[in-house]
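Below is one structure, written out as structure tokens, with a few remarks after it.
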2 protein chains.
Amino acid sequence: MKKTNVAIVGMGTVGTGVARLILDHGDRTSRHAGRTIWLKKAVVRDLAKPREVDLPDGVVTDSLGDVIHDPEISVVAQLIGGLEPARTIMLQLMESGKDIVTANKALLAEHGPELFTRARELGRSIAFEAAVAGGIPIIANISQCLSANQLQSLEGILNGTSNFIVTQMDERGASYDDVVKQAQELGYAEADPTMDVDGTDAAQKLAILAHLAFGATVDWSDIPKIGIDNLDPADLQYARELGYRIKLLAVANLADDGLELSVAPTLVRIGTPLAEVRDAFNAIRVVGDAVGPVFYHGLGAGQMPTASAVVADVIDTAVGRTKLTFQTLEYFNIEQPPRVKLLDALTLMGRYYFRLHVANHPGTLAAIAAVLEKHAISIASVIQHENTVGAAKADSVPLVIMTHEASEGSAQGATVAIEALAAVTGPVVRLRVKD
Amino acid sequence: MKKTNVAIVGMGTVGTGVARLILDHGDRTSRHAGRTIWLKKAVVRDLAKPREVDLPDGVVTDSLGDVIHDPEISVVAQLIGGLEPARTIMLQLMESGKDIVTANKALLAEHGPELFTRARELGRSIAFEAAVAGGIPIIANISQCLSANQLQSLEGILNGTSNFIVTQMDERGASYDDVVKQAQELGYAEADPTMDVDGTDAAQKLAILAHLAFGATVDWSDIPKIGIDNLDPADLQYARELGYRIKLLAVANLADDGLELSVAPTLVRIGTPLAEVRDAFNAIRVVGDAVGPVFYHGLGAGQMPTASAVVADVIDTAVGRTKLTFQTLEYFNIEQPPRVKLLDALTLMGRYYFRLHVANHPGTLAAIAAVLEKHAISIASVIQHENTVGAAKADSVPLVIMTHEASEGSAQGATVAIEALAAVTGPVVRLRVKD
């Protein structure tokens with residue numbers, strides 16, 4: 001049987017999972033690859049550190065040179081995070097003739113054009129299924145399985161940490177801070193969870209998917225994003241009362257004149273598939289013009305789901321499929337003009353949820369309704385509960401308004417104008433509503 | 001730009017959709033294939049029949065020879081149903097050097113080993129994404145995307161006609177016969193819907209998936225199957241009362257000693273993804289030992305969803321990926337021993353739902369409970385409503401029993417014994433329950 005020699009660079013959580021699959025399940029990988037997948041080297045930073053996986057003699061090394069200078073190694077799973085030295089190492093590996101498998105979405109979101117252009121110049125390939133949505137094979141599905149379609153929209157729950165936090169707040173009524181602490185204890189959130197909860201991670205993944213699905217060339221930092229770090233349990237309660245759950249939704253929507261991209265906490269109707277995605281799961285719903293809606297649901301992170309995606313890419317690369325796809329699709333080719341332009345966020349249409357605190361006296365609702373009308377926003381429904389805390393009439397009460405379709409610009413303008421009303425206390429909470 | 005010449009054999013509903021995608025969206029297919037996908041011939045039975053798609057001059061022919069003897073045509077989408085002449089035509093096309101794309105699941109379920117063996121001998125490939133679950137790319141997902149996994153189970157709603165019928169019966173309380181008539185009017189059911197509603201179609205698809213996912217070599221007719229053609233609205237109501245919906249579920253479950261396969265109407269807990277699959281949609285839930293659960297949902301039939309799968313296969317074949325996969329995986333190779341054996345259906349464990357009519361007098365429930373106990377089946381819950389129709393006490397009342405885990409053999413034995421009791425009228429309805 002033929003043999004493909006593989007190296008792993010970076011033996012963290014995912015690297016360890018990849019080593020396990022290759023070492024413990026050679027029958028499976030060889031059957032699916034038509035050849036032996038042989039782990040020849042595993043590059044680590046600290047040789048003395050104890051490992052969770054038993055590596056055969058001679059496999060572990062702390063020298064990248066042991067991979068670069070070994071012409072027998074043709075595929076490298078490069079599993080180190082961050083931008084540098086990850087970028088430099090990837091360039092070195094490709095220059096020494098290796099095909100790359102990576103899970104590093106931040107690296108692709110920042111340096112995709114440079115790395116992919118260099119790979120094409122060198123006749124190498126980069127596979128990156130594990131970079132988006134972990135165990136859900138969304139890259140292959142968009143790039144190959146749905147290739148007969150023009151995708152029309154893509155909606156995803158792409159950050160498992162955020163979804164875990166929102167689910168726990170919603171189901172247990174816990175506060176944001178308490179749930180973040182729990183998520184950290186369970187290993188679902190980093191010590192510093194900022195990139196997950198502020199929407200950065202979802203925006204980086206959306207930028208990659210928008211490129212694959214729509215040919216958009218977009219810097220992830222240009223995608224309008226709101227995280228879940230300011231979400232109030234009260235909004236989860238009101239949403240439920242209105243028949244919705246709140247999810248951190250990454251959206252790409254193809255309109256006649258361009259592509260809408262956004263990451264924001266969004267009210268999603270209970271009973272629809274995206275609303276039922278719980279805890280650390282990810283999900284993606286795409287609509288193609290031929291296939292219609294297709295929905296994917298699975299674990300978006302974790303050692304073995306991510307390793308599953310990496311090893312599938314290693315097999316695809318060993319078989320030769322990755323190279324064909326890579327050469328054909330020319331992802332991140334800066335010489336190709338983008339196929340769509342990004343729409344100005346202010347012109348995007350959608351429904352909105354407003355929550356505000358208003359003075360409990362006559363005329364308040366009329367004043368707010370007048371502001372909305374002035375901004376061409378019509379009201380779909382209102383919730384204002386009677387104050388039941390004590391017998392005394394409260395000075396201010398919460399008011400929730402759901403609107404019909406309005407532009408983001410109108411909604412922003414109305415928000416500022418409502419906050420300026422004397423009868424309104426504190427900031428207005430404004431969330432998107434998915435129909 | 002390079003060009004791949006393609007032919008369609010069979011211009012029915014799906015063939016027309018494939019022609020549309022290739023003719024109207026050349027930009028898309030050429031971008032995804034890295035070459036022009038050119039429709040050179042479309043073989044029809046009756047040249048005089050009006051077409052829903054405008055074919056360029058010289059494309060339509062009623063002679064298969066125009067394809068067989070044209071060495072420029074390398075890929076053929078063979079889209080005719082049934083076993084013959086489909087089988088003979090496929091062999092002829094492969095012998096004349098064509099790679100095949102097909103949607104004919106019955107042909108693969110019956111003649112897969114012969115056709116795939118001949119394809120390998122001739123150095124040709126057969127792509128068949130459209131044969132199972134229409135627009136859901138489950139074949140590519142199992143064969144490639146999840147290749148790092150040993151799949152542990154697969155549960156699918158694979159027949160859209162049955163699911164449409166059951167959904168309408170459940171949601172509208174309509175009778176089986178009325179809904180079948182409606183399904184026929186809407187084009188969801190054939191004039192003779194037998195193969196859909198008796199479980200044959202789902203069993204054929206399950207046989208194909210079980211081969212891909214578990215290496216099982218199974219004749220579809222050996223899979224125990226029950227259709228929805230005898231489903232009573234009363235069972236849908238009782239199921240809902242118990243927190244379940246009834247779905248025609250195709251199940252493959254890998255146990256220590258072999259593979260369990262079955263197709264049967266099954267109680268699925270409300271709120272789980274499979275229970276929420278409505279109307280003509282299909283869905284598949286697989287569990288892999290690395291990736292965990294992955295859930296797919298989409299349109300399982302229809303012109304454009306099926307054409308989406310066919311054209312993706314045409315592109316994969318033109319690019320060269322199909323050949324690599326086909327040569328590597330050696331599907332339907334009769335010289336390879338099966339990797340799992342089928343378990344005896346009688347030994348399979350599961351929970352059961354029984355509905356029976358019992359005499360309305362003391363001791364009846366005790367007699368039934370005694371029979372169940374004798375067959376080592378323990379009762380989980382019972383529903384017996386007070387008879388409210390009129391003031392008079394009814395002679396017989398319906399009784400519903402949910403059991404804990406029991407073997408299929410015990411459940412069958414208990415059914416026969418209960419039906420023999422004097423206090424029980426008519427046949428016992430017995431359904432599987434998914435936990």
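The values are calculated or read from the model by the stated rules, or taken from the named source; none is laboratory data. Here the structure is a predicted model, which is why all the values come from computation and not from measurement. FYI the Cβ positions are ideal-geometry reconstructions off the backbone, even for glycines, and counts take in every protein chain you see. Surface accessibility is based on the protein's heavy atoms, side chains included, excluding ligands, DNA and RNA. Shrake-Rupley method; radii C 1.70, N 1.55, O 1.52, S 1.80 Å.
Things worth noting here:
- Qualifying residue in segment B:283-290 (condition: more than 9 Å from every other protein chain (Cβ to nearest Cβ) and either open to solvent by less than 10 Å² (accessible area, probe 1.4 Å) or acidic (Asp, Glu) (or both)): yes
- Scope segment A:141-157; condition part of a helix (DSSP H, G or I), within 27 Å of residue A:266 (Cα to Cα) and open to solvent by 10 Å² or more (accessible area, probe 1.4 Å); matching residues: A:142
- Checking each residue in segment A:172-190 for being touching a residue at least 40 places away in the same chain (Cβ under 8 Å) and in a helix (DSSP H, G or I) picks out only A:176.
- Any chance residue B:252 is without any contact (Cβ under 8 Å) to a residue 60 or more places away in the chain, touching a strand residue (DSSP E or B) at 6+ places or on another chain (Cβ under 6 Å), aliphatic (A, V, I, L, M) and open to solvent by less than 40 Å² (accessible area, probe 1.4 Å): no
- Verdict on residue A:202 being outside any helix (DSSP H, G or I), within 20 Å of residue A:142 (Cβ to Cβ) and of a type in the set (A, V, I, L, M): no
- Of the residues making up segment B:198-207, those that are β-branched (Val, Ile, Thr) and touching a helix residue (DSSP H, G or I) at 6+ places or on another chain (Cβ under 6 Å) number 0.
- Residue count for segment A:134-162 under the criterion of being at the interface with another protein chain (Cβ under 7 Å from one of its Cβ atoms) and within 19 Å of residue A:272 (Cβ to Cβ): the result is 1.
- All told, residue A:25 falls short of being buried (at least 22 other Cβ atoms within 10 Å of the Cβ) and within 14 Å of chain B (Cβ to nearest Cβ).
- Given (1) touching a residue at least 12 places away in the same chain (Cβ under 8 Å); (2) touching a strand residue (DSSP E or B) at 6+ places or on another chain (Cβ under 9 Å); (3) not in a helix (DSSP H, G or I), index of the condition residue A:94 fails: (3)
- The combined condition, being within 9 Å of chain B (Cβ to nearest Cβ), within 18 Å of residue A:159 (Cβ to Cβ) and modelled with pLDDT of 95 or more, is fulfilled by residue A:299.
- Residue check for residue A:239: more than 14 Å from the chain's Cα centre (by Cα), more than 20 Å from residue A:82 (Cα to Cα), modelled with pLDDT under 95 and among the aliphatic types (A, V, I, L, M): no
- Test for residue B:103: is it over 23 Å from residue B:305 (Cα atoms), buried (at least 24 other Cβ atoms within 10 Å of the Cβ), within 14 Å of chain A (Cβ to nearest Cβ) and of a type in the set (A, V, I, L, M, F, W, C): no
- Some residue of segment A:109-117 being assigned by TED's automatic domain parsing to the domain that holds residue A:324, open to solvent by less than 20 Å² (accessible area, probe 1.4 Å) and more than 18 Å from the chain's Cα centre (by Cα): yes
- Contact map, segment A:112-124: residues that are over 21 Å from residue A:321 (Cβ atoms) paired with residues that are among the β-branched types (Val, Ile, Thr) and in a helix (DSSP H, G or I), Cβ distance under 8 Å, separation 6+ or inter-chain. No pairs are found.
- Residue within segment B:43-56 that is under 25 Å from residue A:144 (Cα atoms), of a type outside the set (Ser, Thr, Tyr) and touching a helix residue (DSSP H, G or I) at 6+ places or on another chain (Cβ under 8 Å) present: no
- Single unsatisfied condition, residue A:31 versus (1) charged (D, E, K, R); (2) in a loop (DSSP other than H, G, I, E, B); (3) within 14 Å of chain B (Cβ to nearest Cβ): (2)
- Selection from segment A:1-21 of residues that are assigned to a helix (DSSP H, G or I), open to solvent by 10 Å² or more (accessible area, probe 1.4 Å) and of a type outside the set (Ser, Thr, Tyr): A:14, A:20
- Residues considered: B:174, B:213, B:234. Of these, the only one that is of a type outside the set (Phe, Trp, Tyr) and crowded, with 19+ Cβ neighbours inside 10 Å is B:213.
- Single condition residue B:316 does not satisfy, out of (1) within 13 Å of chain A (Cβ to nearest Cβ); (2) over 30 Å from residue B:242 (Cβ atoms); (3) outside any helix (DSSP H, G or I); (4) out of contact with any Gly (no Cβ under 6 Å at 6 or more places or on another chain): (3)
- Any hit, segment A:255-277, residues being at the interface with another protein chain (Cβ under 7 Å from one of its Cβ atoms), under 30 Å from residue A:30 (Cα atoms) and not aliphatic (A, V, I, L, M): no
- Qualifying residue in segment B:322-334 (condition: away from every other protein chain (no Cβ under 14 Å) and at negative phi): yes
- Any hit, segment B:354-367, residues being modelled with pLDDT of 85 or more, closer than 30 Å to residue B:217 by Cα and surrounded by fewer than 20 Cβ atoms within 10 Å (Cβ to Cβ): no
- Residue check, residue A:84 farther than 26 Å from residue A:320 by Cβ and modelled with pLDDT of 95 or more: yes
- On inspection, residue A:18 passes the criterion of being closer than 22 Å to residue A:320 by Cα, of a type in the set (A, V, I, L, M) and within 14 Å of chain B (Cβ to nearest Cβ).
- Residue list for segment A:306-347, restricted to those being under 22 Å from the mean Cα position of the chain (by Cα) and open to solvent by less than 10 Å² (accessible area, probe 1.4 Å): A:307, A:308, A:309, A:310, A:311, A:312
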